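Okay, so here's the structure we're looking at.
The values are calculated or read from the model by the stated rules, or taken from the named source; none is laboratory data. Fair warning: this is a prediction, and the values are worked out from it, not measured in the lab. As a convention, Cβ positions derive from the backbone with ideal geometry for all residues, glycine included, and neighbour counts pool all protein chains shown.
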Amino acid sequence: MLERFWRWTGGVAMAALALLLPGCDPIALDKLKVGQSTEADVRDAMGRPEMVWDDGQGARTLEYNRQPQGHVNYMISIGGDGRLQAVRQVLNEAEFAKVQPGMHYDQVRRMLGKPAKDVWYPLKREHEVDWRYLSDPTTSGMFTVVLDANRVVLRAHIGPDMDEQYRSGGGYQ
């Protein structure tokens, strides 16, 4: 009985922590200073990155992904000197506008970070890749990129986050 209680409370505590961690990003980012903070400072503040991209000449980009349920992906640039150069939140309509037909998925993945979903539709021979983002401060949107079987962009569009509408009681309409 006591074991079940501790297992339950431990599960509740972990769930609460998982919900609170993405909210820590602004606090962690406030600690970082462009030109002063080191890569070690970034990792101490933000944790382990989802991906590390080699930008050449010792420069790197650290990807901090908050998908599938979050609404932000941070690309944090570290210069060849090991110092913080820039912090960019890449899930926004200005970045989405850069995605064009003919691009390969690898380019899109590098620009936007890991997606929330990647679904293959075998009858259509298409992938639909989704990134969840905030279209305004309180509205969850979805950016969808449609790829052919070779993972080349066919089209892209912005729409409502139907999963969010369903979870909030709005249902699918």
### Query
Is it true that residue 99 is touching a His at 6+ places or on another chain (Cβ under 9 Å), within 30 Å of residue 162 (Cα to Cα) and in the same structural domain as residue 133 (by TED's automatic domain parsing)?
no
### Query
Is there any pair linking a residue in the stretch 128-139 that is within 15 Å of residue 96 (Cα to Cα) to one that is surrounded by fewer than 17 Cβ atoms within 10 Å (Cβ to Cβ) and of a type in the set (Lys, Arg), with Cβ under 6 Å and at least six apart or on different chains, and which?
130/117
### Query
Do you know which of the residues in the stretch 51-88 that are acidic (Asp, Glu) and surrounded by fewer than 19 Cβ atoms within 10 Å (Cβ to Cβ) is farthest from the chain's Cα centre (by Cα)?
81
### Task
Restrict the check to the stretch 108-118 and report whether at least one residue is out of contact with any Ser or Thr (no Cβ under 9 Å at 6 or more places or on another chain), exposed (fewer than 14 other Cβ atoms within 10 Å of the Cβ) and assigned by TED's automatic domain parsing to the domain that holds residue 163.
no
### Query
Hey, residue 143 hits all of (1) in contact (Cβ under 8 Å) with a residue 40 or more places away in the chain; (2) under 26 Å from residue 29 (Cβ atoms); (3) surrounded by fewer than 14 Cβ atoms within 10 Å (Cβ to Cβ) but one; which does it fall short on?
(3)
### Message
Going residue by residue through the stretch 124-135, is there one that turns out to be at pLDDT 95 or above and either in the same structural domain as residue 31 (by TED's automatic domain parsing) or in a loop (DSSP other than H, G, I, E, B) (or both)?
### Response
yes
